[in-house]
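We did not get these values from a lab; they are worked out from the coordinates using the rules stated. Computed from a predicted model, the values in this text were never measured in an experiment. All Cβ positions, glycine included, derive from the backbone under ideal geometry; neighbour counts span all protein chains shown.
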């Protein structure tokens, strides 16, 4: 032994070897960084492409640009040379009614525009669902539950393949443009993970090693959120907190690099035309007052309630889709939901605009020059100093906007439940944030008017004098958005950091945190699971939650199979079974592997052999190796067992034997077993007592046991 | 078995029980949050106290306030009613020469001030070292290496106790005020961890559970960095990346909460008097140009070289301190180093001021009204527009400042090597950042002047026209600071995030990242370890690095003891050894535990018993239990072994037997064994072959093996 080690030292210390090792390790490290660079570039470019296309196609529902049909509304008017009053109304941009009947006024024009809006929406969404159905069934949904499951060690073949990537990218644009109540953030994570998985094939190191590839996927998920919000730090934390199962620290730095590259690629593409990194850039001027925490916490409660309500209703609806005939008509379902959404959305300008535009407008702090209806306050120019506007009385525009927003809120709340889970790519972030932002803005304006008309009330006195700017309704919208997003996803730190990156001011962390915390507590009190975990359970993926503590007092012997009255465990002996014996075992059982023991009498564990390997090896031996017949002895030992010379030639299968199977004793508390399964990512573990093999615990057994203890139906843990 | 489970269900589903469980779980969760709140409040208050006292005592070296000796210089002049030209010179503030000889001019006054400066410095540092030596030897150093080790599962009794807390807080103020080249950031982490550890005693849940307490310490470390820099997100990431060994995600949110509470407590105390959260608040106006990445990467290389140089020299010096007589005279050492530091520091204004003030000034972007010497540019008021200053020619003040800064750089580089590791609390962040900031500022000013005089050169043409503000020297200082800090600590994401929180702009992330990355690569190429890991190894703490990959092909059998030619493993049989036999084993060996086997012949493993438990149990039994003599049989089985009735009464010790010891087979690759040790935090692991016990691997064996494979002296892994 000592000799052996010394030899190894001599080899490694030889300078030639160590130079080679250095070059190898440098190129090795370099390949990781290169891969991250590629992922960042590809994810950023795809996100830019999606943004630009979705923007153009969203505007296409309303009209077309005469200067070039490939310009979107904003771009079209920006290119225009003629002068016009309203920024949005330039002669080059024609609504459909203007194009078809020559004018845009009157009831008929309105109906025509309405009709075209609905038709385009239906066209987009039907195209999306047909593409998904025809080419890449995995392209639907947000993809985050599946990615979580994949990162926990489960393999879903093709889920991150190139077809999924192509179809998801195209259908995401279509789905977003169709005006359905869905966002592009979750699907962007899936798209980025597809990029990561495909690019892994460029490097041998990552192509061959499943664990390393999972690390790359974690980084790709960070890049996905990074481009979704322009929040690289938030993206890394999202990957760490929500998506990744096992996040080794050495990938932290690489994830961050990928996230940054992706964000800056997106910025150079500049899809929003404002050279901002972030989707919703906001700048608030006024600090907040401690008393405002009360409405912020109210928003948190609202967010938590909404989150819990949404998860319950959505899961109930998705279960119905799975179990009834409804699931058989995905195209019809998309058609109906799109039609209802479009018909309800068009009359209300806040639902007609794209959801991200809506959120942007709700977050916005009204300046003196803002022309939007939400900023139609009664101006008192005497009290205005510079850009700092005091609280003002709301004008008629604000009141109209309030009604429309309230209606938009109700519509979004209900339609999102039916939208998430359809056979199109659909993210949850944007609809959740929209619901919260609307609620927040409503509360914010209410607070503002209260403070304006009643600044002598005790709650306002001391910090809100007349003519001061006390309340920023945009901040309320932002806090509301964070609360609702938190209620649905149960994100915590990453949520606050994403929001922090949107505003860039540490000042607003406390309101955001108060709301996010309240929301999580309220939602957790009603139902423990976030939407992604709920969907994982609904689909029966074998996902072992890493965050929950296992606090029961059961032992490994309570969980292992065989149970007390079952027939004994199927084992293979190391040197006394024939080919026929083993073939019988393979045919009679469906286990994916078998423990190998010294002998039936001693039951001492030697190793573990996989069913797949056994079948292949026996088949090969029968074909290629002379003298292997049904009565040949199979042995797993180093040397062949002593047998009479008349017996047929033997088959040595030591090479396929896993000599280091994982074992625990029957007295091991399940708390520790669950911990081992989680941390080491095991699929099965053998149970021994005083050195003798007793049974086996698989991941499925652990999941069933946890479900049992949580009084859930253990058979809901299926693997379909 | 099934019956047993059903019963358990019935119990938990009874509504009374579940209500109780709910209340219990709520109060349980609440206690965690409350603990975080307390830690945040205490850490924030202590940090504020330290800041205020250190500020006052630093100024005390130069003079005293007549309006009240408890005012520091700035506070004193701020309180003053009389008008005076220079902000820093008010009549109430008297330098020592003014106080003693009545005036501050002339050589004698200068020498008197010089003398007083050195005396105060010596007084402070001697007091610090005496307090540390006399009351709390653990209060010295930065504490981060030890906290890393503690979080990895090692116990250092008293390291986080109340005496350490009190003495460290006091001596930290003294050490910082003495003007030694050290910072308060690392020690603040230690102080916060002490707070966490002490506050754990308030809650049963945390007092009793070592693992839970470690989670609290992780969060406390985050709070420590949070108050050190006013960077809560960076603090959490620092704890995650650098300090914590195992960072369960559920503590992420709590750590963040503690970090935020601490930061806001500090802000309400407002020790810097600017109501800013951050230590170095900077606001840059100009974006950077892509070509500037070249100097930024140069700074990264400088930072990496400095980091590697510093670590090597400091470790060499510390080793000398450990091994030679030098270590026997800590007070003398502190005296000499303080004297040299103070004597060299006073003549140069950039070393005389406190290091954090220096960094602040270096980061600062020169405004039109800045009166500092670094901002003495030749003003051309014609080209000035608003607050945006163009690049200008440097005035004589800037040139003087450059020389002084260069001298300061040289002094800091060398004196820091001797300072870090002395018997006073000493952090590394601030001195490292100072070195980098000086280098960065020097390069920044050089670039600025180059761009000013040669804006027609190709490298400047296209982005830097005459009269434009192209170069921001303050940004260079910041990038340099990040590079040097990165080189020394090898922090990555947390470093960038801390710097990002200081500036609050995503714009500057790329320069910071480029520098931090280059610096890490350069430093890693020279020596793998950061300063904390180097000190852990120097002190021989049993720390199993979680970030390094173990890529050798050795097996468990190569590492386990007994080695091939050693005597067999000392084992205890389950039911055949007498009290005397076991006492002999205990006396003849020093192992901390013994495996229990079925019998000597079968060697099948039953469990593991700790030496400590054995000693106590046998002692108790001999005292309290009748009939226990040296020939009594000790048994670990459920039922007593069949013995002739004449034999003395037996001793049952099943209760102290660990029935679920961790085992691996002898063929398990060490890669997996190391992974298991890391992830499960094991101290030892038993090795079996075909169900028979073969040997044992302890954490020490794993560490020795890793050191051997890295061609290091395995005996450097000591546990002192």
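Points worth noting:
- Potential extension, residue A:465-residue A:122 segment - 0.36 nm per residue separation minus Cα distance: 118.3 nm
- Debye log10 I(q)/I(0) for the protein assembly as shown, one point scatterer per Cα, at q = 0.09 Å⁻¹: -1.39
- Estimated distance in nm for a label pair at residue B:343 and residue A:525, the labels positioned 7 Å out from Cα along Cα-to-Cβ: 6.8 nm
- The range B:585-674 pair-distance distribution - Cα-Cα, 10 Å bins, rounded %: 14, 40, 33, 9, 4, 0
- Compared with the rule-of-thumb size 2.2 N^0.38 Å for a compact globular protein, the range A:476-614 has a Cα radius of gyration ratio of 1.79.
- Per residue of peptide B:492-501, the mean number of Cβ atoms on other chains within 10 Å of the residue Cβ is 4.
- Tilt relative to chain B, helix B:493-503 - C-alpha long axis, 0 to 90 degrees, to 10: 30 degrees
- Label points for residue B:339 are taken 7 Å from Cα along Cα→Cβ. From this copy to the others they lie 9.5 nm apart, shortest first.
- In terms of other Cβ atoms within 10 Å, A:146, A:105 run from fewest to most in the order A:105, A:146.
- Comment: the Cα-to-Cβ extended label point of residue A:202, at 7 Å, lies 5.3 nm from its counterparts in the other copies, nearest first.
- Residue order, fewest to most surrounding Cβ atoms within 10 angstrom, among B:20, B:521, B:96: B:20, B:521, B:96
- Chain B, relative contact order in percent, only Cα pairs under 8 angstrom and at least six apart counted: 13 percent
- Projected label distance in nm at residue A:316 and residue B:28, using a 7 Å step from Cα toward the beta-carbon: 3.0 nm
- Estimated [θ] at 222 nm from DSSP helical runs (n ≥ 4, -39500 (n - 2.57)) normalised by residues in chain B, nearest 500: -18500 deg cm²/dmol
- Against the rule of thumb 2.2 N^0.38 Å, how large the Cα Rg of the range B:405-486 comes out: 1.40
- Gain on full stretching of the segment that runs from residue A:378 to residue A:324 - 0.36 nm per residue minus C-alpha separation: 14.0 nm
- The mean sequence separation of alpha-carbon pairs under 8 Å and at least six residues apart, normalised by the residue count of the range A:530-648, gives a relative contact order of 24 percent.
- Using C-alpha pairs below 8 Å separated by at least 6 residues, the relative contact order for the range B:62-216 is 17 percent.
- Largest-first principal axis extents, alpha carbons of chain A, Å: 110, 65, 59
- Inter-copy label distances at residue A:540 (7 Å, Cα→Cβ; nm, one decimal): 5.9
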